[in-house]
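Engineer: Let me give you the structure first, and then I'll get to my questions.
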Amino acid sequence: MNWSLTKFDRAQLLTFLRAIDRHLPNPTSVVVVGGAAAIIGYRSTVRTSDVDVFAGLTDEFIEAGRQAQEETGLAIAIEKAAVAEIPYNYEDRVRAVKITRLAKLTVIVPDRYDLVLSKAIRCWEHDLDAIEAIHRRQPLVLRTLVQRFESELMKIALAAPARNCLNVVIVVGRLFGTAEARSLAQRWGVPTPTKK
């Protein structure tokens, strides 16, 4: 299998996580971010090639993942998500995902606003697809999204704050419409994105 091209859905990810659980020698908790968190935690219909672990990645988990790959034939990569941009104090808002038939593994995901903002910062097309899928299943509240960005992410010393503002404006435009995006762009002093 080509690890970079093969993408997996929710059923496959859950099969993989259950296999990891069977191979873990001890109870383990991991914080999963990225596409896997959107799929596992919020039933996003996008697919992903990997499980990005933001916290809790241990040698035992990596080895259990290797054994799960062999057992299931699913070439799902396990990655350390060390560079993910997640709003400050995200730990206060995380939640454990209820997954049946897990005895030792606890999968924790950021709350949906934190996850959406972390994906908005990168703002690749598949990130936007995942954001839209989360919003379709459980609509986000624009005011909460903007407040979370302004209070917990916008003020962090990031590499390109104007780009981050623009990316959130793009997300707002896709979820809530051009008028809301234009209003935020003016408020933050960034260009208003135009539709192609």
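The values are calculated or read from the model by the stated rules, or taken from the named source; none is laboratory data. The structure presented is a predicted model; accordingly, all values stated were derived computationally and were not measured. As a convention, Cβ positions derive from the backbone with ideal geometry for all residues, glycine included, and neighbour counts pool all protein chains shown. Ligands, DNA and RNA are excluded from the accessible area calculation, which covers all protein heavy atoms including side chains. Shrake-Rupley method; radii C 1.70, N 1.55, O 1.52, S 1.80 Å.
Engineer: From the backbone phi of segment 60-67, what are the Karplus-calculated ³J(HN,Hα) couplings (6.51 cos²θ - 1.76 cosθ + 1.60, θ = phi - 60°) in whole Hz, Gly and Pro given as x?
Structural biologist: 4, 5, 4, 5, 4, x, 4, 5
Engineer: Any chance you could run the full-extension gain for E71 through R187? It's 0.36 nm times the residue separation minus the Cα-Cα distance, nm to one decimal. Can you show the working numbers first?
Structural biologist: On the way: separation 116, 0.36 × 116 = 41.76 nm, distance 5.24 nm.
Gain in length upon complete extension: 36.5 nm.
Engineer: Quick one: with all protein chains in place, what share of the accessible area of segment 55-156 is carbon or sulfur, to the nearest percent (1.4 Å probe)?
Structural biologist: On the way: 2640 of 5310 Å².
It is 50 percent, rounded to a whole number.
Engineer: Same structure again: Over 20 Å between Cα atoms: which of K80/K119; K7/K119; K98/K119 fall into that group?
Structural biologist: K98/K119
Engineer: Given R₀ = 25 Å, FRET efficiency for Q138-I99 by Cβ-Cβ distance, to 0.05? Mind showing how you got there, number by number?
Structural biologist: Values: r = 18 Å, r/R0 = 0.73.
Here the calculated transfer efficiency is 0.85.
Engineer: Related question: Do you know the relative contact order of the chain, to the nearest whole percent, from alpha carbon pairs under 8 angstrom that are 6+ apart?
Structural biologist: Working: 301 pairs, mean separation 41.4, N = 196.
In percent, rounded to a whole number, it is 21.
Engineer: Once label points are set 7 Å from the Cα along Cα→Cβ at both C123 and K80, what is their separation, rounded to one decimal in nm?
Structural biologist: Label at C123, label at K80, 2.9 nm between them.
Engineer: Sticking with this one: 222 nm [θ] for the chain, helices only, -39500 (n - 2.57) per DSSP H run of 4+, per residue, to 500?
Structural biologist: Value at 222 nm, helices only, nearest 500: -15000 deg cm²/dmol.
Engineer: Further question: Using unit Cβ charges (K, R positive; D, E negative) and no other charged atoms, how large, in debye to the nearest 20, is the dipole of the chain about its Cα centre? Provide the component values of the computation, followed by the final result.
Structural biologist: Values: 27 positive and 22 negative charges, 163 e Å.
Here the size comes out at about 780 debye.
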